[in-house]
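A quick write-up on the structure given underneath.
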Amino acid sequence: MGSARSVFLTSQDFGGPKIRRLLEGFLAKGGRLRLLLDDDWFYVRFLGERFGMADYEFAVGWILRTQRRYPSTFEVRYLETDNTAEFQTSLHHKFIIFQGGSRDAVLFGSPNLKDGALLKNIENVYVVRDSDVVRRFVQFAEDSWSKALPDLEMPIVDSNQFR
């Protein structure tokens, strides 16, 4: 993650041991990480590993452990896209904003942030350092972040209501 001090990450799906080590190393060096996820990543904890697209072990294990280990520098929010949302959709964008280093940058493209997608698949990935483009991604990220909810504010929904 280079010299960045702050990272905003959003991806429809993410996980894998290499991704975990990369993010943990960044946090261990004092970096600030904000992670925006689809609400499936929250509800999979309660509805089991067959619900939605979220990686059950990553959602139940790694995210919760990492939140406890880095409570002041690792924030996670969930965008309501399913059963509790006004619209039925899924969070599908995939980008990472790096800030506070020598030059701010945004990485975006087709892959989810998963070991398999980044190491095996044929994907399109772009890294842009143009300040206007980065600023627009930051604005979009901040708007999305303001609409998303942390764990304790997510609505509790009867599992029979999920589709």
- Report the calculated FRET efficiency for Arg136 and Lys29 (r = Cβ-Cβ distance, R0 = 30 Å), to the nearest 0.05. 0.60
- How far is helix 131-147 tilted, in degrees, relative to the longest principal axis of the Cα atoms in the chain, given as a value from 0 to 90 rounded to the nearest 10? 20
- Would you kindly derive the ³J(HN,Hα) couplings of segment 16-28 from the backbone phi angles with the Karplus curve 6.51 cos²θ - 1.76 cosθ + 1.60 (θ = phi - 60°), listing them in order in whole Hz, with x for Gly and Pro? x, x, 5, 5, 4, 4, 4, 5, 5, x, 4, 5, 5
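Looking at the square roots a ≥ b ≥ c of the eigenvalues of the Cα gyration tensor of segment 57-150, which shape do they give, rounded for a/c under 1.5, prolate if a/b is larger than b/c, or oblate? Mind dumping the intermediate values first?
On the way: a/c = 1.29, a/b = 1.25, b/c = 1.03.
It comes out rounded by the Cα gyration axes.
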- Item | Segments 10-20, 114-124, 95-105 sorted - mean Cβ within 10 Å per residue, highest first | 10-20, 95-105, 114-124
- Message: Using the Cα centre of the chain as origin and beta-carbon charges of +1 (Lys, Arg) and -1 (Asp, Glu), tell me which of Ser131, Pro150, Leu47 is placed farthest towards the positive end of the dipole.
- Response: Ser131
- Task: Let me know the charge dipole size of the chain about its Cα centre in debye, to the nearest 20, where only the beta-carbon of Lys, Arg (+1) and Asp, Glu (-1) is charged.
- Result: 820
- With a ≥ b ≥ c taken as the square roots of the eigenvalues of the C-alpha gyration tensor of segment 101-163, please select rounded if a/c is under 1.5 and otherwise prolate if a/b is larger than b/c or oblate if it is not? oblate
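Pairs of alpha-carbon atoms within less than 8 angstrom and 6+ residues apart define the contacts here; what relative contact order does the chain have, in percent? Mind showing how you got there, number by number?
On the way: 269 pairs, mean separation 46.4, N = 163.
Computed value for the chain: 28 percent relative contact order.
Subtract the Cα-Cα distance of Tyr126 and Trp145 from 0.36 nm times their separation in residues, and report this length gain in nm to one decimal. Show your work: numbers first, answer last.
Values: separation 19, 0.36 × 19 = 6.84 nm, distance 2.23 nm.
Net length gain for the segment: 4.6 nm.
Of Lys94/Lys114; Lys18/Lys120; Lys29/Lys94, which pairs sit farther than 22 Å apart, going by alpha carbon to alpha carbon?
Working: Lys94/Lys114 11 Å; Lys18/Lys120 13 Å; Lys29/Lys94 24 Å.
Violating the 22 Å Cα-Cα cut-off are Lys29/Lys94.
Read the figures in this text as sums done on the coordinates, not as results from a lab. Note that this is a predicted model, so its numbers are computed, not measured. Neighbour counts are summed over all protein chains in view; Cβ atoms, including those assigned to glycine, are modelled from backbone coordinates with ideal geometry.
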